[in-house]
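Written below as structure tokens is the structure these notes are about.
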Amino acid sequence: QVQLVESGGGLVQAGGSLRLSCAASGSIFRINAMGWYRQAPGKQRELVATITSGGSTSYADSVKGRFTISRDNAKNTVYLQMNSLKPEDTAVYFCKMSRFITASIVFDDYWGQGTQVTVSS
């Protein structure tokens, strides 16, 4: 079992910045990936950014150049630095951890409870 605790959401004006954190605890596999997803009202949950335990990152096109994902493996914590925020970034942001048996075989996934990010125009 893995527990994920998110923090750092809030209300910010357009053009501002926020930093989200997600701390993982429990049975964490050596090979894993952590990521951020978001869900706006009436829309499906979408990928924002992911980072593997080896440090490889990927981003949604809509956030490239504005958001940066990073992780501290010693603390089992992933961060999402969000700059130049836009009203369309408003959503509930969810942290996810995927545990891998091998580099290509996912064992299971865990989700955090979500944190609200609201960007005012």
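Put a plus charge on the Cβ of each Lys and Arg, a minus charge on the Cβ of each Asp and Glu, and nothing anywhere else: the dipole of the chain about its Cα centre is then about 120 debye. Report note on the peptides 32-42, 99-109: ranked by the mean count of other C-beta atoms within 10 Å, highest first, their order is 32-42, 99-109.
Max-minus-min Cα coordinates of segment 78-121 on each principal axis give 44, 20, 15 Å, with the largest extent listed first. With only the Cα atoms considered, the chain has a convex hull volume of 98 Å³ per residue.
Within a straight-line Cα-Cα reach of under 28 Å, Lys86 can be paired with the following lysines, leaving aside sequence neighbours fewer than 8 residues apart in one chain: Lys43, Lys64, Lys96. Computed in the context of the full set of protein chains, the accessible area of the chain at 1.4 Å probe radius has 50% of its extent on carbon or sulfur. Along segment 28-40 the Karplus relation, 6.51 cos²θ - 1.76 cosθ + 1.60 evaluated at θ = phi - 60°, assigns HN-Hα couplings of 9, 6, 4, 9, 8, 9, 10, x, 10, 10, 9, 9, 8 Hz to successive residues, with x for each Gly and Pro. With the convex hull drawn over the C-alpha atoms of segment 26-73, the volume per residue is 102 Å³.
The values are calculated or read from the model by the stated rules, or taken from the named source; none is laboratory data. No experiment lies behind these values; they were computed from the predicted model shown. As a convention, Cβ positions derive from the backbone with ideal geometry for all residues, glycine included, and neighbour counts pool all protein chains shown. To get the accessible areas, we keep the full protein, side chains included, count just its heavy atoms, and leave off ligands, DNA and RNA. Shrake-Rupley method; radii C 1.70, N 1.55, O 1.52, S 1.80 Å.
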